[in-house]
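Q: Handing you this structure, nothing more for now.
Read the figures in this text as sums done on the coordinates, not as results from a lab. Values in this document were obtained by computation on a predicted structure and should not be read as measured data. Here the Cβ positions follow ideal geometry from the backbone for every residue, glycine too, while neighbour counts run over all protein chains shown.
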Amino acid sequence: MTTAANSLVSPDFLTLTLGLVVYFVGVILTRRIAFLRNYNIPEPVTGGFLAAAAIWAFYKLSGMEIVFEMTTRDRLLVIFFATVGVNARLSDLLVGGRALAVLCVLTVLFVFLQNGVGTLGAWLFGLPSAAGVIMGSIAFVGGHGTTIAWAPAIAAEHGFPAAVEVGTAAATLGLILASVLGGPVAKFLIERGKLTTDATVSENEGAVAKAEAAPIDKSSFMQALLLVNVAVVLGYLVHGPLLAMGVKLPLFVPCLIMGIVLSNTIPFIFPRLPWPARSPSMSLISDYSLSVFLAMSLMSMQLWTLAGVAGPLLVVVALQALLAVAFIVIVLFPLLGRDYQAAVLSAGFTGLSLGATPTAIASMTAVTKHYGPSPNAFIILPLVSAFFVDLVNVVAIQFFLAR
């Protein structure tokens with residue numbers, strides 16, 4: 001680690017290595033602690049929180065903070081969503097079209113409810129009305145990225161100078177809650193309704209399972225890796241022109257789309273070409289990318305920033321968590337059809353509403369590993385979180401700031 005003023009900087013490769021170590025710590029703890037297994041807490045979440053706590057202790061003892069370079073982490077996120085796109089079949093997505101539409105409508109409703117709770121909290125504690133938006137959809141649905149984008153302007157223009165600090169703390173607390181609540185919410189819904197995967201999914205996954213019985217060899221792995229890289233390269237090429245046209249989307253979105261395009265065109269044009277979609281090799285690349293990304297993200301959280309959080313923020317965060325769980329159980333799950341896919345999407349929506357898309361995907365992954373597959377859920381939720389949430393959030397933020 002290189003040293004800066006009052007900080008230690010972890011180079012990118014060392015950060016990746018530590019992320020791998022943190023993941024395996026989570027694996028060991030999950031194997032030994034029944035609670036973590038039973039409630040579908042992802043292994044990188046367990047290891048990441050433990051590492052973040054250890055780094056906090058180091059900071060308190062030494063007065064120095066550890067800063068992680070995250071170039072590889074960001075690349076892993078792009079690779080993961082490229083695998084999601086490659087594994088997508090438009091026929092599956094068409095089947096899930098109703099769920100996608102319902103989830104979009106409910107997301108609009110929830111974003112406004114979330115800002116309503118934040119505004120109520122600001123009023124109760126005598127804070128400026130702009131604080132309600134910071135403690136609403138900016139920090140929770142938006143996450144750290146949206147907070148960084150909006151908080152400085154709110155601090156300067158809306159009489160809330162602590163906007164950056166409060167927003168960052170709220171987003172961090174939301175990420176923690178999203179990581180630990182998604183699995184238990186799905187467990188409650190699945191076991192209460194005795195839900196299972198449907199017959200069509202079972203047949204499709206049965207064919208995949210038969211393929212997975214074969215060992216992964218070098219050729220199949222390299223084919224899968226090449227396909228993912230091609231999707232990422234095409235995503236990069238599309239992303240630049242989109243930004244030039246003023247369409248601001250995260251890089252993973254065009255990579256996801258390019259994966260979908262490749263998997264729904266090339267196999268039909270060249271039917272004899274080996275295609276590694278939904279193969280064991282593709283699953284390995286996907287699991288590795290997401291697990292290490294999440295471990296690196298959570299271990300880098302600066303938990304000491306939460307130590308000075310005022311009581312009002314803690315109360316509002318608790319109210320936001322209650323709102324999210326109640327909304328999912330009472331509104332979202334029934335309107336999505338009360339089936340197994342609805343339960344998996346409920347786990348994902350917990351992450352979407354309080355944390356971030358990778359946290360949502362990790363929760364859904366843990367649930368499906370425990371209870372069975374739900375492939376459409378992994379296409380529907382990223383489409384909502386990538387294309388839809390940010391647009392709705394901008395409208396909602398401006399609406400509440402104008403009041």
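Q: Got a sec to turn the phi values of the stretch 263-273 into Karplus ³J(HN,Hα) couplings, 6.51 cos²θ - 1.76 cosθ + 1.60 with θ = phi - 60°, whole Hz, x for Gly and Pro?
A: 6, 10, 10, 4, x, 7, 6, 10, x, 8, 6
Q: If the elastic network links every pair of Cα atoms under 10 Å, which of Pro358, Pro42, Pro161 fluctuates the most in the Gaussian network model of the chain?
A: Pro161
Q: Then there is this: Per-residue ellipticity at 222 nm for the chain, helices alone: DSSP H runs ≥ 4 residues times -39500 (n - 2.57), over residue total, nearest 500 deg cm²/dmol? Present the calculation step by step, with values, prior to reporting the outcome.
A: Values: 19 runs with 291 residues, N = 403.
That comes out to -23500 deg cm²/dmol.
Q: What is the dipole size for the chain, taken about its Cα centre, with +1 at each Lys and Arg Cβ and -1 at each Asp and Glu Cβ, in debye to the nearest 20? The partial results should precede the final answer.
A: Details: 19 positive and 17 negative charges, 106 e Å.
Roughly 500 debye for the chain.
Q: Full-extension gain between Arg32 and Leu226, please, as 0.36 nm times their residue separation minus the C-alpha to C-alpha distance. Write out the running numbers ahead of the final one.
A: Working: separation 194, 0.36 × 194 = 69.84 nm, distance 3.69 nm.
The Arg32-Leu226 span can extend by a further 66.2 nm.
Q: Starting from the stretch 1-64, pick out the chymotrypsin sites (Phe, Trp or Tyr not before Pro) whose DSSP state is loop and whose Cβ has at most 13 other Cβ atoms within 10 Å. Each step should come with its number before you reach the end.
A: Values: sites: Phe13, Tyr23, Phe24, Phe35, Tyr39, Phe49, Trp56, Phe58, Tyr59; in loops: Tyr39.
Counting only loop positions with at most 13 other Cβ atoms within 10 Å, none of the chymotrypsin sites (Phe, Trp or Tyr not before Pro) in the stretch 1-64 qualifies.
Q: Along Cα→Cβ, 7 Å out, is where each label goes; now give me the distance between the ones at Leu109 and Gln398 in nm to one decimal.
A: With each label placed 7 Å out from Cα toward Cβ, I get 2.5 nm.
Q: Here's another thing I want to ask about it. Evaluate E = 1/(1 + (r/R0)^6) for Val315 and Met245, where r is the Cβ-Cβ distance and R0 equals 35 Å; express this FRET efficiency to the nearest 0.05. Don't jump to the answer; show the numbers that get you there.
A: Details: r = 43 Å, r/R0 = 1.22.
Computed FRET efficiency for Val315 and Met245: 0.25.
Q: Related question: Express the relative contact order of the chain as a whole percentage, based on alpha carbon pairs under 8 Å and six or more residues apart in sequence.
A: Details: 607 pairs, mean separation 121.1, N = 403.
Relative contact order of the chain: 30 percent.
Q: Can you find, among Pro375, Leu352, Val392, the residue sitting farthest towards the positive end of the charge dipole of the stretch 254-403, where Lys and Arg contribute +1 and Asp and Glu -1 at Cβ?
A: Pro375
Q: How much length is gained on full extension from Ser62 to Ser129, taking 0.36 nm per residue of separation minus their Cα-Cα distance? Don't jump to the answer; show the numbers that get you there.
A: Numbers: separation 67, 0.36 × 67 = 24.12 nm, distance 3.84 nm.
Taking Ser62 through Ser129 to full extension adds about 20.3 nm, to one decimal.
Q: Testing the spin-label approximation: label points 7 Å from Cα along Cα→Cβ at Ile330 and Glu157. State their distance in nm.
A: Computed distance between label sites Ile330 and Glu157 equals 3.5 nm.
Q: Top mean-square fluctuation among Ala82, Ala153, Ala131, Gaussian network model of the chain, C-alpha springs under 10 Å?
A: Ala153
Q: Placing +1 on the Cβ of each Lys and Arg and -1 on the Cβ of each Asp and Glu in the chain, which of Met245, Tyr340, Thr146 has its Cα farthest towards the positive end of the resulting dipole?
A: Projecting each Cα onto the dipole axis, the largest value belongs to Tyr340.
Q: Follow-up question, since we're still on this one. If amide hydrogens are placed 1.01 Å from N in the peptide plane, which non-local residues have theirs closer than 5 Å to the one on Leu8?
A: Amide H to amide H, under 5 Å and 5 or more residues apart or across chains, Leu8 pairs with Glu65, Ile66, Val67.
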